[in-house]
Amino acid sequence: MNRIDLEGQHAIVTGGAQGLGFAMAERFVQSGASVTLWDMNAELLETAKEALGAATRTVVVDISDHEAVASAHEKTQADGGSVSILVNSAGIAGPAAPLDAYDISWWKKIIDINVNGTFYVNRAVVPGMKERNYGRIVNIASVAGKEGNPNASAYSASKAAVIGLTKSLGKELAGYDIAVNCITPATAQTRILEQLTPEFIEYMRSKIPRGRFLEVEEAAAMVAWLVSKENSFTTASTFDLSGGRATY
């Protein structure tokens, strides 16, 4: 494993108690960063903290609550110092259903967490990065945001919004030493699959030319470079992790 130099950096990883977020936090710690995990699940956060060690702090927060996000950011900086890295990995898939039968409460919940939550977290962190003229942000989108998955209109729309938000913010901050990018992974073998039917899971696997799901460590490897100082030019961009599925 290549060791990306993240010495002296402090990262927030939302959704960091498990899945992609945990894998990225683990890679950051191995690369010398301190990490504050944000998640709604206090029990999983404690387990993650024990696994990652002394360089890790945790905050229980619902990112769909903008006041809670602001408080979490204030606490994070007070306890761990200025935040130079943000990975926004918190998100939900929701149930599979045709758009004309999609439950409206689920639509609102998915948009509130995946889109509004991403906006709230970025909004909280950006001012400090601008003040210090340094920062690295990676928002986790999805190949569904590029191509659209049938029977997943809410999730697909939410991840397309994350791509658009990332490109807009990256251009806004291009005059600073702040890089804002997103990744568009294909389905990874994480607990988000528990929300989906076996038929839908198999449909998604069949669309990946590699013939398998993404390993969380593969995503962590790409993101570790994106949040490093070596990524000094690329911003407002989308990095594909779809195993050959994406056509653009």
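The numbers here are math on the coordinates, done by the rules we state, and not lab data. Everything numeric here is computed off the predicted structure, so don't read it as measured data. Glycine also receives a Cβ, built like all others from the backbone with ideal geometry; neighbour counts cover every protein chain displayed.
Below are the figures for this structure:
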quantity	calculated
Computed E for Arg132/Met1 - FRET, C-beta separation, R0 22 angstrom, nearest 0.05	0.15
Rounded to the nearest 20 debye, dipole of segment 10-241 from Cβ charges on Lys, Arg, Asp, Glu	600
The chain: C-alpha pair distances exceeding 27 Å, %	30
Degrees, to the nearest 10: 66-80 long Cα axis against longest axis of the chain	40
Computed lengthening from Asp65 to Trp225, 0.36 nm per intervening residue step minus Cα-Cα distance	54.6 nm
Proxy reagent accessibility, fewest Cβ within 10 Å first, across Tyr248, Tyr102, Tyr155	Tyr248, Tyr102, Tyr155
Aspartates and glutamates with Cα under 17 Å of Lys207, excluding same-chain neighbours fewer than 8 positions away	Glu147, Glu199, Glu215, Asp240
Segment 10-241, relative contact order [Cα under 8 Å, separation at least 6], %	21
Estimated D of segment 166-248 in µm² per second, where Rh is the Kirkwood radius over Cα pairs and Stokes-Einstein applies at 37 °C, 0.692 mPa s	230
Length added when fully stretched, Ala54-Ser82, from 0.36 nm per residue minus Cα-Cα	8.3 nm
Order of Phe28, Phe233, Phe213 - criterion: other Cβ atoms within 10 Å of each residue's Cβ, fewest first	Phe233, Phe213, Phe28
Fewest-first ranking of Val227, Val162, Val60, using other Cβ atoms within 10 Å as the exposure measure	Val60, Val162, Val227
Length-normalised contact order for segment 109-200 - Cα pairs under 8 Å, 6+ apart - percent	34
Segment 28-49 and segment 76-132: distance between their alpha carbon centers, rounded to Å	17
Under 24 Å, Cα to Cα: Lys pairs in segment 45-201, sequence gap 8 or more or different chains	15
For segment 108-248, size of Cβ-based charge dipole, Lys and Arg +1, Asp and Glu -1, in debye	240
